[in-house]
Amino acid sequence: MDLKLLEIASLLVSKKDLDELMEEVLFRLREIVNADAGSIYLYHEESDTLVFKYTQNDTVDIIFKEFSLPVDENSIAGYCAYKKEMFFIDDVYSLEDKFPFKFNKDFDKLSNYRTKSIIMVPIFDAKDNLISVLQLINKKNTPFGKPITSFDKDVTVFNEEDVKIVHSLSGIIGVALENSLLYKNIEEMFEGFIKASVQAVESRDPITKGHTERVYRITYKIIEEMDKDDEAFPGFKMNKDDWKVLKYSTLLHDFGKIGVRENVLMKSKKLYDDQFKALKMKLKLYHCIENIDDNKFFEINELVERANEPTVLESELANRLDKFKDIRFKDNFGVEYRLLDDQEYKQLSVRKGTLTEDERKEIESHVLHTYEYLIKIPWTKSLKDVPKIACMHHEKLDGSGYSFGLKEDEIHIFGKVMAVADIFDALTAKDRPYKKAVPIELALKIISEEAEKGKLDKKIVRFFIEKKIYNML
Ligand SMILES: [Fe+2]
Ligand SMILES: [Fe+2]
């Protein structure tokens with residue numbers, strides 16, 4: 001028996017995931033004392049309540065529903081937490097007078113069960129604070145795991161030996177549970193920090209508000225479906241760590257935008273507002289000084305306004321810009337102006353979109369910033385690939401992407417999926433004032449074309465479209 005206890009103890013401390021740990025604890029304890037059922041309550045200090053969290057039953061199927069109980073003398077679990085004492089009862093339907101509570105038969109009635117013998121165990125952390133209450137139900141004299149056929153014959157009472165064993169394990173359960181709760185707290189804190197970071201990034205660029213969360217949802221759904229589909233993606237299986245890597249790298253993929261200047265990030269016209277106003281003033285000055293006729297003045301004005309829009313610059317407009325570029329005039333103080341200076345000309349002549357080559361590079365640098373920031377976080381071993389993967393969402397299979405120009409076999413599968421999700425969201429996002437949302441059909445067509453051109457992963461794109469994953473979000 002001692003060996004068995006040792007085995008359980010080492011097993012418990014090696015598990016970090018709270019749910020896994022608690023299910024394991026419950027199962028092992030039930031096994032060791034041959035209990036048909038069991039439950040675990042977690043103690044919530046702020047509300048001084050017990051929350052019903054885990055339950056197992058070998059005889060009836062239980063529809064789990066979380067609920068909480070006050071820590072007082074009115075229920076078995078509440079009493080155990082209140083007294084901070086271990087106790088056992090032979091039959092909860094005929095309670096001794098020393099117990100102030102009444103047994104609640106609701107569960108038994110609902111599920112056609114008969115709760116008889118129980119052991120109640122309070123669990124404490126290293127500082128002796130209550131953290132949980134454990135309940136083992138119906139000791140059996142039939143083999144462990146076998147459903148009860150007769151509550152009269154199969155169920156027996158717990159004995160001192162059972163209490164001793166459970167007691168000897170309760171300490172190590174406390175340590176394991178405390179560790180796991182701490183780990184969960186740290187993880188929650190970290191996730192909170194990530195959410196705050198995403199918010200910080202997106203508050204600088206309201207145009208792409210919600211983008212991160214949506215890319216995460218799309219990526220998650222595609223991966224989830226891939227994981228389920230053994231025919232289309234044989235051998236692709238996600239484990240718990242993989243899901244975390246996916247989550248963090250997706251949520252942080254555009255974190256580096258924090259290092260890109262705000263006006264570049266939000267540029268909605270080819271000229272920045274102040275540039276545009278200054279140019280208009282210059283045109284007015286030119287109008288007055290050179291005494292050009294009104295029609296021509298309007299024409300120049302209109303040309304500048306049209307060229308300033310983010311739409312594709314028609315060649316007719318481009319040619320006319322060329323002509324204006326070299327016009328010079330002097331004001332009354334003899335200061336010489338060019339109707340369009342080099343910078344204005346350069347910006348207005350952008351063929352597509354609003355960004356000059358330098359600005360485009362600056363925006364693209366967000367990926368490198370993402371990497372530089374994320375690499376500073378001391379990731380645990382299982383999360384060490386997060387910075388790399390977060391930076392793969394603009395890579396293209398043919399090596400034409402940025403920032404590293406990675407090729408197909410160098411891009412992590414999460415990066416490939418993220419690339420599809422990122423483009424899909426950029427196309428279909430509804431909240432961009434200067435860019436109309438593309439209808440889904442067209443977005444899918446564009447993505448397919450990108451896949452055909454060898455930019456995006458064909459298999460993933462086909463899967464996304466055929467499975468209509470965009471409708472599952
Ligand atoms: Fe990005
Ligand atoms: Fe993105």
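The values are calculated or read from the model by the stated rules, or taken from the named source; none is laboratory data. Since we're looking at a predicted model, the values are computed, not measured. Here the Cβ is made from the backbone with ideal geometry for all residues, glycine too, and neighbour counts use every protein chain on show.
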Among the residues of segment 367-394, which ones are more than 16 Å from ligand 1 (Cβ to nearest atom) and of a type in the set (A, V, I, L, M)?
I375, I377, L383
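Yes or no, residue by residue, for (1) outside any loop (DSSP other than H, G, I, E, B); (2) closer than 30 Å to T208 by Cβ; (3) outside the structural domain of T370 (by TED's automatic domain parsing):
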residue	(1), (2), (3)
A278	yes, yes, yes
C288	yes, no, yes
E305	yes, yes, yes
L313	no, yes, yes
G334	no, no, yes
Apart from one, (1) over 30 Å from W379 (Cβ atoms); (2) part of a helix (DSSP H, G or I) all hold for T115; the odd one out is (2)
Some residue of segment 330-343 being within 16 Å of ligand 2 (Cβ to nearest atom), at pLDDT 90 or above and either in contact with a Cys (Cβ under 8 Å, 6 or more places away or on another chain) or basic (K, R) (or both)
no
Conditions (1) within 16 Å of ligand 1 (Cβ to nearest atom); (2) outside any loop (DSSP other than H, G, I, E, B): number failed by K267:
(2)
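So, L50, is that one under 24 Å from E187 (Cβ atoms), touching an Asp or Glu at 6+ places or on another chain (Cβ under 8 Å) and in contact (Cβ under 8 Å) with a residue 24 or more places away in the chain or not?
Working: under 24 Å from E187 (Cβ atoms): yes; touching an Asp or Glu at 6+ places or on another chain (Cβ under 8 Å): no; in contact (Cβ under 8 Å) with a residue 24 or more places away in the chain: yes.
Spelling it out, it is not the case that L50 is under 24 Å from E187 (Cβ atoms), touching an Asp or Glu at 6+ places or on another chain (Cβ under 8 Å) and in contact (Cβ under 8 Å) with a residue 24 or more places away in the chain.
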If the Cβ limit is 8 Å and pairs must be 6+ apart or interchain, which residue in segment 399-425 that is within 16 Å of ligand 2 (Cβ to nearest atom) pairs with which residue that is of a type in the set (F, W, Y)?
S403/Y371; V420/F464; F424/F464; F424/Y470
Criterion first (in contact with a Leu (Cβ under 8 Å, 6 or more places away or on another chain), basic (K, R) and within 16 Å of ligand 1 (Cβ to nearest atom)) does K416 satisfy it?
yes
